[in-house]
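Here is the structure we will look at.
The values are calculated or read from the model by the stated rules, or taken from the named source; none is laboratory data. Here the structure is a predicted model, which means the values were calculated and not measured. Methodologically, a virtual Cβ is constructed for each residue, glycine included, from the backbone with ideal geometry; neighbour enumeration extends over all protein chains shown.
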Amino acid sequence: MKTRIVASLLLCGMLGARAAGLPDLGESSASVVSPQQERELGLEVMAEIRADKSYWEDFEITDYLQQLGYRLVAASSDTRQDFEFFLIRDASVNAFALPGGFVGVHSGLITTAQSESELASVLGHEIAHVTQHHLARMIAGQSKNTITTMAALAIAILAARSNAQAAEAAIAAAQAQSIQSQLDFTRDNEREADRFGLDTIVKAGFDPRAMPAFFERLQRENRVYDSNAPQYLRTHPLTTERIADVANRVEKLPYKQVSSSLDFSLVRVKIAAMQMRPQEGVREYESALHEGRVPELAQRYGLALSQMRAGRGKEATAELDKIRAAGASSAILEGLSAQIKSAQGDKAGAAEIYAAALKRYPQSRALVYGNIEALIEMSQPDRALRFIDDRMLLSTGDYRLYELRARCYAATGKRLLEHQSLAEAYVRRGNVSAAIDQLQIALRSGDGDFYQTSSAEARLRELREQQRNDKKSQQRGGQRSF
């Protein structure tokens, strides 16, 4: 996975900066690559990342990242850009932005950050890479063929999961002739992202002093040098001058004490707990509570989560009751409560908890998906389908809803609709080829009515045309060959 992330950062890390004389978007950079093309490139890379075992599809954690990310996006310089924040299971301290608004966060970054403001400072920096359209700026100063080759190489490297050494050699060869100039360009890029990121976290209500404090701690703890820097600092070159620049800007701002949210603490504990064996987690969090480690509510949540995983549902419920008695409220806590019921075989009880929690937290994808799965497990696919249809009115781009809809159709024996839904899930994951395969399977099922069959045939023609256009673009060396 590390090799593939480096390849992603080969795209992101060489994205250019606002050096003197570079045009703003709307000038030549906009004519080279459009926001739609940036998004398409990001989708192609994301299709590879999602296929890797290190992609961590935990919806409670990604819900938190999405909520935090969009709080920052709302305060950024460009609120029109769509973003997707996702989690990578990797203990290294790293985050990276891809073209099209995709921002990856390593689990190690979340657990290393000592406050929510520190995590927000890194996300604000990555958001700035996207909102400042660094890819378009870099392309404005490069030939189309060079950039097309670079992007194609990055995609090929991402796909080379079975031979990491060959992939690393390909990266080295691609960078050999221009590594120093690109590194210098990236440092300008990083300074710009610092400036915009700092402005974003201030406007979003976070502590701006968290940014230089986090960088200084990384530099101190990891004894950073250019040759042996940890992963985050290798991909985001950090210099004493850069830290000093951020610190000087912060000194001019009024002091503001900002507390971390409960969800920040819960997410950090969940990441740690899920990487331990259940009984190990029980011992760890019992010890944490005995020693009085803070925050207490998060440690108690870690114990409840570990107890649930160890099959000790009654004890887990008792710990959750203690957390609620302290006045704590979170969609994550409600999700655990429902999971405990489900693990005890009480699917109806789980569904009741999900339904009640969604009234308080209607935007929680984890609760939405949990509710649907509970209904399916209760053998109520028709009820689940009605719920999914209601949710799709609000979110047509959610691939997970299409996957769950496919499960509902599978439970009712509707194979054409099952595979048609899977096709739409693949489209939203950026895998048109797999979507075409699913539609072909759907049409061979023979169980759809005239209108369903006609719809599947029309969609198949549309996707095949899209695929042909993509291939033509690649043959011409055009922009969509990214």
Query raised in the report: In region 276-309, how many residues are polar (S, T, N, Q) and farther than 21 Å from Asp263 by Cβ?
Result: 2
Report summary line: Filtering region 67-102 for residues that are aliphatic (A, V, I, L, M) and in contact with a strand residue (DSSP E or B) (Cβ under 6 Å, 6 or more places away or on another chain) leaves a count of 4
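Results for (1) farther than 30 Å from Arg312 by Cβ; (2) touching a residue at least 12 places away in the same chain (Cβ under 8 Å), shown as yes or no for each residue.
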{"position": "Glu251", "(1), (2)": "yes, no"}
{"position": "Lys256", "(1), (2)": "yes, yes"}
{"position": "Asp263", "(1), (2)": "no, yes"}
{"position": "Leu266", "(1), (2)": "no, yes"}
{"position": "Ala272", "(1), (2)": "no, yes"}
{"position": "Pro278", "(1), (2)": "no, yes"}
{"position": "Val282", "(1), (2)": "no, yes"}
{"position": "Tyr285", "(1), (2)": "no, yes"}
Query raised in the report: In region 18-28, is there at least one residue being touching an Asp or Glu at 6+ places or on another chain (Cβ under 6 Å), at negative phi and modelled with pLDDT under 75?
Result: yes
Report summary line: Every listed condition ((1) farther than 19 Å from Gly370 by Cβ; (2) in contact with a Gly (Cβ under 9 Å, 6 or more places away or on another chain); (3) buried (at least 23 other Cβ atoms within 10 Å of the Cβ)) holds for Ala310 save (3)
**Report entry** Residue in region 159-171 that is of a type in the set (S, T, N, Q), modelled with pLDDT under 85, part of a helix (DSSP H, G or I) and farther than 17 Å from Glu38 by Cβ present
**Finding:** yes
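Here is a yes/no grid of residues against (1) over 24 Å from Leu98 (Cβ atoms); (2) touching a Pro at 6+ places or on another chain (Cβ under 9 Å):
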{"site": "Leu375", "(1), (2)": "yes, yes"}
{"site": "Gly397", "(1), (2)": "no, no"}
{"site": "Leu401", "(1), (2)": "no, no"}
{"site": "Tyr409", "(1), (2)": "yes, yes"}
{"site": "Glu418", "(1), (2)": "yes, no"}
{"site": "Gly446", "(1), (2)": "yes, no"}
{"site": "Arg461", "(1), (2)": "yes, no"}
**Report entry** Within region 406-448, considering residues that are within 26 Å of the chain's Cα centre (by Cα) and basic (Lys, Arg), the one nearest to Tyr369 (Cα to Cα)
**Finding:** Arg407
Report summary line: Restricting region 322-336 to residues that are buried (at least 22 other Cβ atoms within 10 Å of the Cβ) and among the small types (Gly, Ala, Ser), the one nearest to Ala310 (Cα to Cα) turns out to be Gly335
Report task. Could you pull out every one of the helices (runs of 4 or more DSSP H) wholly within region 330-410 that has 2 or more residues that are modelled with pLDDT of 95 or more and touching a Lys or Arg at 6+ places or on another chain (Cβ under 6 Å)? Result -> 347-360, 365-377
Query raised in the report: Right, Leu11: at pLDDT below 75 and either aliphatic (A, V, I, L, M) or assigned to a loop (DSSP other than H, G, I, E, B) (or both) or not?
Result: yes
Query raised in the report: For Gly448, all conditions in the list (1) in a helix (DSSP H, G or I); (2) surrounded by 14 or more Cβ atoms within 10 Å (Cβ to Cβ); (3) at pLDDT below 95; (4) of a type outside the set (Ser, Thr, Tyr) hold save one; what is the number of the exception?
Result: (1)
Requested in this report: Considering every residue within region 181-189, establish whether at least one is modelled with pLDDT of 55 or more, within 24 Å of the chain's Cα centre (by Cα) and closer than 17 Å to Asn248 by Cα.
Outcome: no
Query raised in the report: Somewhere in region 60-70, is a residue touching a residue at least 60 places away in the same chain (Cβ under 8 Å) and either outside any helix (DSSP H, G or I) or not assigned by TED's automatic domain parsing to the domain that holds Gly124 (or both)?
Result: no
Report summary line: Filtering region 253-293 for residues that are of a type in the set (Lys, Arg) and within 26 Å of the chain's Cα centre (by Cα) leaves a count of 3
**Report entry** In region 414-436, the residues that are under 21 Å from Asp52 (Cα atoms) and either among the β-branched types (Val, Ile, Thr) or in a helix (DSSP H, G or I) (or both)
**Finding:** Leu422, Ala423, Glu424, Ala425, Tyr426, Val427, Arg428, Arg429, Val432, Ser433, Ala434, Ala435
Query raised in the report: Does region 472-481 include one or more residues that are farther than 18 Å from Gly42 by Cβ, of a type outside the set (Val, Ile, Thr), outside the structural domain of Met46 (by TED's automatic domain parsing) and at pLDDT 95 or above?
Result: no
Requested in this report: Would you be able to say whether some residue in region 36-56 is exposed (fewer than 15 other Cβ atoms within 10 Å of the Cβ), at pLDDT 95 or above and closer than 28 Å to Leu262 by Cβ?
Outcome: no
